[in-house]
Amino acid sequence: MKLPRLAVPLLSLVIVAAAPVPSAAAHRATPLVSPGTWLTDADYPRDAARAQIDGTTAFRLELDKAGVPQRCTITSSSGSALLDNATCDKLMIRARFTPAKDARGRAIADVYNGRITWRLPDPNAPAQMMSIPHMIKVTFYVNPDGTTSDCTATLNDVDPGPPEMCANMVLNRHFPVQNDAAGKPIRQKLRMIMGIEKVANQP
């Protein structure tokens, strides 16, 4: 599975099925969003990019009963600590799962295995350009504690839009809290708009 491309491609993300482990899970944990949205081109470690380092990192995530990673282990190194560390750092923050359940429907811990291929672009490849118009709107709520929820994204006002926008820009992040006139924190509905459109043709 490859990451969606918004600019020069740097990463490809390949997910393999979780290896059998001693578990009472009748239903294994599954990602809440496409694993291809867990990392973006912007996550490529700068020192690794400057040194022209690429490679494939295999990992294991140990999940709690809520489907939140508690530990990330590198099971096969890319050969670069920069890439391996970036893999676990980002997945611990962004990877979230529907909890595994036992035969009685109770949530239980589980593990998830996968691998990420960090790949530098071909300098001779032609530049890629997104379609025009390309207008993305991300709508979400900031809760009274600063956490975010109920995020949706549209592309050119078509719903649904790119799911990676919510995963990478909104969810699992904290935003400033607003208070009402009495000083009580309130829930806010916010929208981010970004994009590109053609203004005119030039002879």
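The values are calculated or read from the model by the stated rules, or taken from the named source; none is laboratory data. Values in this document were obtained by computation on a predicted structure and should not be read as measured data. With ideal geometry, Cβ positions are generated from the backbone for all residues, glycine too; neighbour counts draw on all protein chains shown. Just the protein is used for accessible areas: all its heavy atoms, side chains included, with ligands, DNA and RNA removed. Shrake-Rupley method; radii C 1.70, N 1.55, O 1.52, S 1.80 Å.
Here are a few things to note about the model shown:
- In this structure, the pairs whose alpha-carbon distance is over 24 Å, taken from LYS65/LYS90; LYS137/LYS184; LYS90/LYS198, are LYS137/LYS184; LYS90/LYS198.
- With the simple model of a label 7 Å out from the Cα in the direction of the Cβ, ASP102 to MET192 spans 4.0 nm.
- Nearest-0.05 FRET efficiency for ARG71 and ASP145, computed from C-beta distance (R0 25 Å): 0.45
- Scaled against 2.2 N^0.38 Å for its residue count N, the alpha carbon radius of gyration of the range 66-128 is 1.55.
- Of the solvent-accessible surface of the range 62-146, computed with a 1.4 Å probe over protein heavy atoms with every protein chain present, carbon and sulfur atoms account for 53 percent.
- Full extension of the segment from ILE132 to ASP64, taken as 0.36 nm per residue of separation minus the current Cα-Cα distance, would add 20.2 nm.
- Solvent-accessible area per residue for the range 58-152 (1.4 angstrom probe, square angstrom): 51 Å²
- In this structure the amide hydrogen of ARG173, modeled in the peptide plane, comes within under 5 Å of the amide hydrogens of THR148, none closer than 5 places in sequence on its chain.
- Whole-Å distance, taken between Cα centres, linking the range 69-114 and the range 160-186: 25 Å
- Stretchable slack from ASN201 to ARG115, in nm (0.36 nm times residue separation minus alpha-carbon distance): 26.5 nm
- Surrounding net charge for ASP47, when Lys and Arg each add one and Asp and Glu each subtract one, Cβ distance under 15 Å: -2
- For the range 21-126, trypsin sites (Lys or Arg not before Pro) meeting the loop criterion (DSSP other than H, G, I, E, B) and having at most 10 other Cβ atoms within 10 Å: ARG104.
- With R₀ set to 22 Å, the beta-carbon distance separating ASN85 from SER34 gives a calculated FRET efficiency near 0.40.
- The H on the amide N of HIS27, modeled in the peptide plane, is under 5 Å from the matching H of LYS101, each at least 5 residues off or on a different chain.
- Listed values for the range 73-84 are Karplus-derived 3J(HN,Hα) couplings in whole Hz (6.51 cos²θ - 1.76 cosθ + 1.60, θ = phi - 60°), namely 10, 7, 9, 8, 6, 6, x, 10, 5, 4, 6, 4, and x replaces Gly and Pro.
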